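A.B. asks: Input: one structure, supplied below.
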Amino acid sequence: MNQTERNLLMLLEMPYEDVSRPRGRDRVGYDLTTAKPLRVTTRVSGPVNWVTVPERPDLTLQSLGRATTIRKGDVFSFFVQQHRRAARDLCQLFMKSKDGDDLMQIAARCKDKVNEGLFNYALCFTIVHRKDLRRTRLPTVVEMFPNKFVPMEALTKAQVEVNRAPLDQTEPVIIDHGPDFATTTIKAEHRVSYWREDYGLNSHHWHWHLVYPIEMGVNRDRKGELFFYMHSQMLARYDMERLSVGLNRVVKLDNWRAPIDDGYFSKLTVNNSGRAWGTRQDDTVMQDFRRNDFGLESFTVTDLEQWRSRILAAIHQGFMVNREGERVPLSDDVTSGKRGIDILGDSFEADADLSVNSQFYGDLHNLLHVAIAFSHDPDFAHKEEVGVMGESATAMRDPVFYRLHRFVDDVFQQYKLTLPPYSMDDLSLPGVVVERVGLRQGDQTDILVTGWSDREFEANRGIDFAAGMPVMLRLRHIDHLPFNYHIMVNNQTGADKQVTVRIFLAPRRNERGEEMSFMDQRLLWAEMDKFTVSLKSGSNHIERMSKDSSVTNPNEFTFRDLEEGRPAEPGTSENSEFDFCGCGWPQHLLVPRGKPEGMAYQLFVMITDFEKDKVEQTASDRRCANGVSFCGILDGKYPDKRPMGFPFDRRPPPRVMDSDLTKAADLALLDNIFLHNITIRFTDDVLQKETTTTTTTTT
Ligand code: CUO
């Protein structure tokens, strides 16, 4: 990492401290107390580093535009349009900077003037979206905002220990946090809180919304469709997790006048002042929003219901209506260049810049987040803070997130069910036969093992515990042992053939232990991997490692990883031709938990013709090493021409070969599709993991 990157990333540390405060032992800090050059000092003995920042008379309050409209200390919520406008102004200012050094100077001088969350968002946004900074990686949000991941009580305890520690103590104070800390057995929903409150899950969601922002002048390829697909996949995985712990699949929240059964108490704080996130009691009813403190105009539950009716009507009549009153047909047969699901996603999320008609279809998904996030104090009568549903880094902790998104997904699925089923031509690949599929994990075949792992983060990057004391977060999380797929494919086409391998996973049985119909299981198939392989003529053995999944990221980078140029995973190098686009699914959540006695799952492996799947990219497009299924390719096109979720995104064709299609297994009558039973076994232990190297091989 060069000095410019180092200086930039340092601005992401200590979000709640003034930029002029030095940061901890052996750390550095900015000094902006005067109009003199910016000074960077160390607090301990050793060389003092200076970064000269000239005065910036060009930076006036006006140049910040609406960025100062959000109060410091408040939650910055991307679900609120006024906050998005503030972000847009600050991001534009940052994006206009000449280079990394210029950006650092501008950002350093703005930091104390704007809301902390907004500042962090705008700087991260700029680092992600500027082409000249594409090699600069973001540190994990866990270290930037430990208060959004660990309860205040644990942080306060750490502070007390720091205060008591001798001044020369070098051993870090450790904050242990894990699945047992916040849960009771009284509420059934707590059985799966280890998953909802997982640091990787919530960082993923924060990162995804950063990379796919709305109303920020970023129009990424198939953004609306990916909004549908990524959230839909989250739900599939959540439901698999629920079935693993004996819970029913999540029920959509579509009656907005009825009490919301499950409350949520995050025990987290919104900033460093100890102010708590709003909490929600069981059976709270969503109400009209009438607060004047959040930069948001009032809206009613009726508004939300009306927008929903209009979107559903559009789906059922087959078109939306734009501002000019013209029909915009909804169809996934790409004729206008944009699929129906993409148009619908942009109008539903909603992105006012891309919505067909934001006046008419409203801001439904975003304001549902807001209405739920303020349901405990909708008129500010109690001066309570927003709930965790109001922020992308915390929303997935709350059980209602999944109920809301099941509703969102249900609307998208209603659209998908209006489309004709895939034809045999879409589904089959003549001359390519999948003969066998298997999994190897250590010396076990077709058994995956899950359990717990620990990951450490530096809490003192985000919170100033004073005295420069190192404070580590040790987070316990669900994980699995790495495994390999083995796929035997016979290429009978008589020539080499480039193909796409698509791998999905779903539980075999429903809550009642019954085998599921195709339509029942359809929404549970989680994408595990998707990759291109060149088949030689005849027999091919494809071996693929789980950690190379197109869905997942390698481990997140800590500040220290970045400073020391350490790749987050063995086998990956910092300067590889690929970038880590960062917003992928956490690798440690790739496999659902399963049950101690073993739980029956199915692998669905499908081979499709790469000629039909491929997307032309320009040479300069950024390539991602991992995570492309959910992250796409920055500055490039989504690298798979098929509709996202193919082949499970549509109703099944009535007949496959000579058989009526009732189950996914019937699709496997096609030669290029194979269904394979596996078992997932949960061990309530810390996993012993070996390190392995990266490969996709065919022999
Ligand atoms: Cu990601 Cu509702 O969109 O949270």
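The values are calculated or read from the model by the stated rules, or taken from the named source; none is laboratory data. Since this is a predicted model, take the numbers as computed values, not measurements. Using ideal geometry, Cβ is built from the backbone for each residue, glycine included, and neighbour counts are taken over all protein chains shown. These accessible areas exclude ligands, DNA and RNA; they are computed on the full protein's heavy atoms, side chains included. Shrake-Rupley method; radii C 1.70, N 1.55, O 1.52, S 1.80 Å.
A.B. asks: Counting only C-alpha contacts under 8 Å and six or more residues apart, can you give the relative contact order of the chain as a whole percent?
C.D. replies: 16 percent
A.B. asks: Ok, one more. Taking all pairs of different Cα atoms in the range 138-235, averaging 1/r and flipping that mean, what Kirkwood radius in angstroms comes out?
C.D. replies: Kirkwood hydrodynamic radius for the range 138-235: 16.7 Å.
A.B. asks: Now a separate question. Quick check for you: with a 1.4 Å probe and neighbouring chains kept, what is the accessible area per residue of the chain, in Å²?
C.D. replies: For the chain, the solvent-accessible area averages 39 Å² per residue.
A.B. asks: Quick one: with all protein chains in place, what share of the accessible area of the range 190-284 is carbon or sulfur, to the nearest percent (1.4 Å probe)?
C.D. replies: 45 percent
A.B. asks: Could you sort 350-363, 299-312 so that the peptide with the highest average Cβ count within 10 Å comes first and the rest follow in order?
C.D. replies: Answer by packing, highest mean first, reads 350-363, 299-312.
A.B. asks: In degrees between 0 and 90, to the nearest 10, how far off the longest principal axis of the chain does helix 399-416 point, with axes built from Cα atoms?
C.D. replies: Its long axis makes an angle of about 40 degrees.
A.B. asks: Moving on. Report the full-extension gain for the segment Met657 to Ala466: residue separation times 0.36 nm, less the Cα-Cα distance, to one decimal in nm.
C.D. replies: Value of the extension gain: 61.8 nm.
A.B. asks: Can you order the peptides 389-400, 279-290 by their average number of other Cβ atoms within 10 Å per residue, highest first?
C.D. replies: Highest-to-lowest ranking by the protection proxy: 389-400, 279-290.
A.B. asks: I've got another one for you. Multiply the residue gap between Ala665 and Val615 by 0.36 nm, knock off their C-alpha separation, and tell me the result in nm, one decimal place.
C.D. replies: Length difference between fully extended and current span is 15.0 nm.
A.B. asks: If you count, for each residue, the other Cβ atoms within 10 Å and average over each peptide, how do 529-538, 7-16 line up from highest to lowest?
C.D. replies: Averaged packing, sorted descending, gives the order 7-16, 529-538.
A.B. asks: In whole Å, how far is the Cα centre of the range 106-122 from that of the range 458-519?
C.D. replies: 35 Å
A.B. asks: Once every Cα of the chain carries one equal point scatterer and solvent is ignored, give the base-10 log of I(q)/I(0) from the Debye formula at q = 0.06, 0.07, 0.12 Å⁻¹, two decimals.
C.D. replies: Computed log10 I(q)/I(0) values: -0.34, -0.47, -1.46.
A.B. asks: Charges on Cβ only, +1 for Lys and Arg, -1 for Asp and Glu, centred on the Cα centroid of the chain; of Ala165, Leu448, Pro482, which one is farthest towards the dipole's positive end?
C.D. replies: Ala165
A.B. asks: If you put +1 on each Lys and Arg Cβ and -1 on each Asp and Glu Cβ, how big is the dipole of the chain around its Cα centre, in Debye rounded to 20?
C.D. replies: 660 debye
A.B. asks: Grab the DSSP H runs of the chain that are 4 residues or longer, score each as -39,500 (n - 2.57), total them, divide by all residues and round the 222 nm result to the nearest 500 deg cm²/dmol.
C.D. replies: Helices in the chain give a 222 nm mean residue ellipticity of -7500 deg cm²/dmol.
A.B. asks: Please give me the summed charge of the neighbours of Ser428: other residues whose Cβ is under 11 Å from its Cβ, Lys and Arg +1, Asp and Glu -1.
C.D. replies: That sum, taken over residues with Cβ under 11 Å, equals -4.
A.B. asks: Helix 152-164 versus the longest principal axis of the chain: what is the Cα-based angle in degrees, 0 to 90, to the nearest 10?
C.D. replies: Approximately 40 degrees, to the nearest ten.
A.B. asks: Continuing with this model, one more query. Give the calculated FRET efficiency between Glu456 and Met1 to the nearest 0.05, with a Förster radius of 35 Å applied to their Cβ-Cβ distance.
C.D. replies: That gives a FRET efficiency of 0.95.
A.B. asks: In the range 638-654, which residues have a backbone nitrogen under 20 Å from the label point lying 7 Å from Asp333's Cα in the Cα-to-Cβ direction?
C.D. replies: So the set is 641-644, 646-654.
A.B. asks: For a Förster distance of 56 Å, can you work out the FRET efficiency between the beta-carbons of Asp410 and Thr60, rounded to the nearest 0.05?
C.D. replies: 0.70
A.B. asks: Could you state the angle between the C-alpha long axis of helix 116-129 and the longest principal axis of the C-alpha atoms of the chain, as a value from 0 to 90 degrees rounded to the nearest 10?
C.D. replies: Between helix and principal axis, roughly 50 degrees.
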